[in-house]
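The values are calculated or read from the model by the stated rules, or taken from the named source; none is laboratory data. Treat the numbers as computed from the prediction; the structure is a model and nothing was measured. Glycine also receives a Cβ, built like all others from the backbone with ideal geometry; neighbour counts cover every protein chain displayed. Just so you know, the surface numbers come from the protein's heavy atoms only, side chains and all, with ligands and any DNA or RNA stripped out. Shrake-Rupley method; radii C 1.70, N 1.55, O 1.52, S 1.80 Å.
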Amino acid sequence: MKISVIGTGYVGLVTGTCLAESGNDVICMDIDKKKIELLNNGNVPIYEPGLEELIKRNVAHGRLSFTTNMSRAVRESSVIFIAVGTPPGENGSADLKYVLGAAEDIARHLNGYKIIVNKSTVPVGTADKVKAVIAGKTKHKFEVVSNPEFLKEGSAIEDFMKPDRIVIGANSARSMQIMHDVYAPFVRKGDRTLVMDVRSAEMTKYASNAMLATKISFINEMANICMSLGADIDSVRRGMGYDKRIGFEFLFPGVGYGGSCFPKDVKALVQTAKEHGFDAKVLKSVEAVNEQQKRVLSDLILSHFAPKKSTRNTRPAKPLSGRTVAVWGLSFKPRTDDMREAPSAVIIHNLLRAGAEIRAHDPVAMHEARKIFKKRITLMEDGYEALRGADALAVVTEWNEFRTPDFQRMKKIMKNPVIFDGRNIYNQEELKKMGFTYYGIGRR
Ligand code: NAD
């Protein structure tokens, strides 16, 4: 099949590459000239495990190409995926300017029947808007299909190649069949394709992300309650998880959810509901709990180094002045360089505001961190070097390589052996035995 993907970001690039890997001729199109130039020179603009190798192979076999030329992308394909960004607008609703802009550009170049597949996460009713925009600009026949994407950064290739399910919102037998054909290679072990009406498909994506965000905020709230009651969230979490109705997935307390999806999708769903006269109380709380959670680790650090005076309940303006905090992990989760809405940014800003010096390390997100923090923090290529002379370590993202570090070495090079474990990855008893002061989230 001849396919084009409009928008070559985390979703578009993975989608295009995986569709090429299954034998299609794929054109990835983007308006970002730099991105396309990088790709055409054999470089990959994002970090995603396994992606580079797959791109190289498919480019070499002539099945995958990159362009800024919308006319070529549209004319040479029969299925056109839209995978552009849908960032939050001013009131939290999804900003559709990129989606509708892409639809308008596609319409200008239509040269026959095509299927336009919306893969971006968009509010219910967007397919109708896309349809209206295109219909206003062309006489050619086309159909708009909704096909939300569920891949996770960090395991995007695996997720796309072996999806838990494929959701397709389509209105005609013809478009349903074509979409089945596109995805057939990915569901050979058992067809987990769910075909439904377009609006339900659009809603399924938001409902799924809202559920996952809710689980995170729920367990974070339980952790905070545990912390004030002297219970241990790790035991509680295990005690809950063996109940099959609850399960273990997504029940890990931490420093709050981030990334380019959960925060914006929860906000957008609250806003869509509001526009239709519904007050999404649960989701508003999910968001509020998450905002609060991003401050828990920096609050623990402040309480340790500058406890509030009980009589006046105040702290000096720069309570961490003269302190150095090493930060391990900057990306919003492991195995990605994505720092959009990363809790690390909130934590570091809080610490900087309190006067701390920051020495930070991340295995792949350093270039993103440099853009965000400029020279306000010191970025260290080596995790241990970040610890040299530090008063404390804050673990913010649970990269595998942070799980079993050389604690003896750490103790030697740190000024104070204090660890604030924002992901509960360490055994606190063992650390205490080794002479560390340890703080986790919701741990006794
Ligand atoms: P991204 O910001 O990484 O990429 C979007 C790309 O679209 C950019 O390269 C941008 O230059 C390009 N673009 C914008 N307007 C364009 C136009 N008119 N023509 C061509 N290209 C254009 O975004 P992303 O993270 O890949 O997300 C894309 C969509 O997929 C969003 O709606 C997001 O919510 C959804 N989604 C993302 C993930 C994820 O993990 N990132 C997972 C599932 C769904």
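Nearest 0.05, what FRET efficiency do LYS309 and ASN43 give at R0 = 60 Å with Cβ-Cβ as r?
The value I calculate is 0.65.
Need the full-extension length gain, HIS61 to GLU104, defined as separation in residues times 0.36 nm minus the C-alpha distance. One decimal, nm.
Between HIS61 and GLU104, full extension yields an extra 12.3 nm.
Short version: ³J(HN,Hα) in whole Hz for each residue of region 421-428, in order, from phi by Karplus 6.51 cos²θ - 1.76 cosθ + 1.60 (θ = phi - 60°), x for Gly and Pro, what are they?
Values, residue by residue: 9, x, 10, 6, 8, 9, 7, 5 Hz.
Which of LYS264, LYS205, LYS281 moves most in a GNM of the chain, Cα contacts under 10 Å?
LYS281
Might you tell me the accessible area per residue for region 2-196, computed with a 1.4 Å probe and given in Å²?
Per residue, region 2-196 has an accessible area of 43 Å².
Run the numbers on region 294-439 and let me know its relative contact order in percent, using alpha-carbon pairs under 8 Å that are six or more apart.
Averaging sequence separation for qualifying contacts and normalising by length gives 24 percent for region 294-439.
Which value, in Å² and to the nearest 10, is the accessible area of MET380 when all protein chains are kept and the probe is 1.4 Å?
It works out to around 40 Å².
Kindly rank 190-196, 239-245, 149-155 from highest to lowest mean number of other beta carbons found within 10 Å of each residue.
Going from most to least packed, we get 149-155, 190-196, 239-245.
Take every Cα pair under 8 Å in region 206-292 that's 6+ residues apart, average their separations, divide by the length, and report that relative contact order as a whole percent.
Relative contact order comes out at 39 percent.
Considering the zone a paramagnetic label at SER228 would reach in this model (a point 7 Å from Cα along the Cα-to-Cβ line), which residues of region 263-286 have amide N under 15 Å from it?
Of the residues in region 263-286, none has backbone N under 15 Å from the label point off SER228.
Which lysines have a Cα less than 25 Å from the Cα of LYS412, not counting those fewer than 8 places away in the same chain?
LYS432, LYS433
Would you mind computing, in nm to one decimal, how far apart the modelled labels at GLN177 and SER321 are, each placed 7 Å from Cα along Cα→Cβ?
Placing both labels 7 Å along Cα→Cβ, they lie 7.5 nm apart.
So, for region 206-292, what is the accessible surface per residue at a probe of 1.4 Å, expressed in square angstrom?
On a per-residue basis, region 206-292 sits at 51 Å².
How far apart, in nm, are the 7 Å Cα→Cβ label points at THR193 and LYS411?
Distance between the two pseudo-spin positions: 5.9 nm.
So if I take the centroid of the Cα atoms in region 1-27 and the same for region 254-292, what is the distance between those two points in Å?
Using only Cα atoms, the two centres lie 31 Å from each other.
State which helices in the chain qualify, where a helix is a whole DSSP H run, it must extend 30 Å or more along its own axis by its Cα atoms, and its mean Kyte-Doolittle hydropathy must be at least -1.0.
Span-like helices, by this rule, are 198-229.
If R0 is 51 Å, what FRET efficiency do you get for TYR113 and ARG403 from their C-beta distance, rounded to 0.05?
0.45
Run lengths n ≥ 4 of DSSP H only: what is the helix-derived mean residue ellipticity at 222 nm for the chain, with -39500 (n - 2.57) per run over all residues, to the nearest 500?
Computed ellipticity for the chain at 222 nm equals -13000 deg cm²/dmol.
Tell me the relative contact order for the chain as a rounded percent, counting alpha carbon contacts under 8 Å between residues six or more apart.
Reported relative contact order: 12 percent.
Using a probe of 1.4 angstrom, how much of the accessible area of region 2-196 is carbon and sulfur, in percent?
Within region 2-196, the accessible surface is 49 percent carbon and sulfur.
Where the accessible area of region 206-292 is counted over protein heavy atoms with a 1.4 Å probe, how much of it, in %, is carbon and sulfur?
Ligands and nucleic acids excluded, carbon and sulfur reach 63 percent.
Rank by packing, highest mean first: peptides 403-416, 85-98, 329-342, with packing defined as the count of other Cβ atoms within 10 Å averaged across residues.
Taking the mean over residues of other Cβ atoms within 10 Å, the ranking is 329-342, 85-98, 403-416.
Relative to the present Cα-Cα distance, how much length would full extension add between THR437 and ARG72 at 0.36 nm per residue of separation?
Full extension from THR437 to ARG72 adds 125.3 nm.
Please check: in the Gaussian network model of the chain (C-alpha springs, under 10 Å), which one of LYS433, LYS294, LYS34 has the largest mean-square fluctuation.
LYS433
In Å², what does the accessible area per residue of region 294-439 work out to with a 1.4 Å probe?
For region 294-439, the per-residue accessible area is 47 Å².
Of the residues SER298, SER22, SER172, which exhibits the maximal mean-square fluctuation in a Gaussian network model of the chain defined by a 10 Å Cα contact cut-off?
SER172
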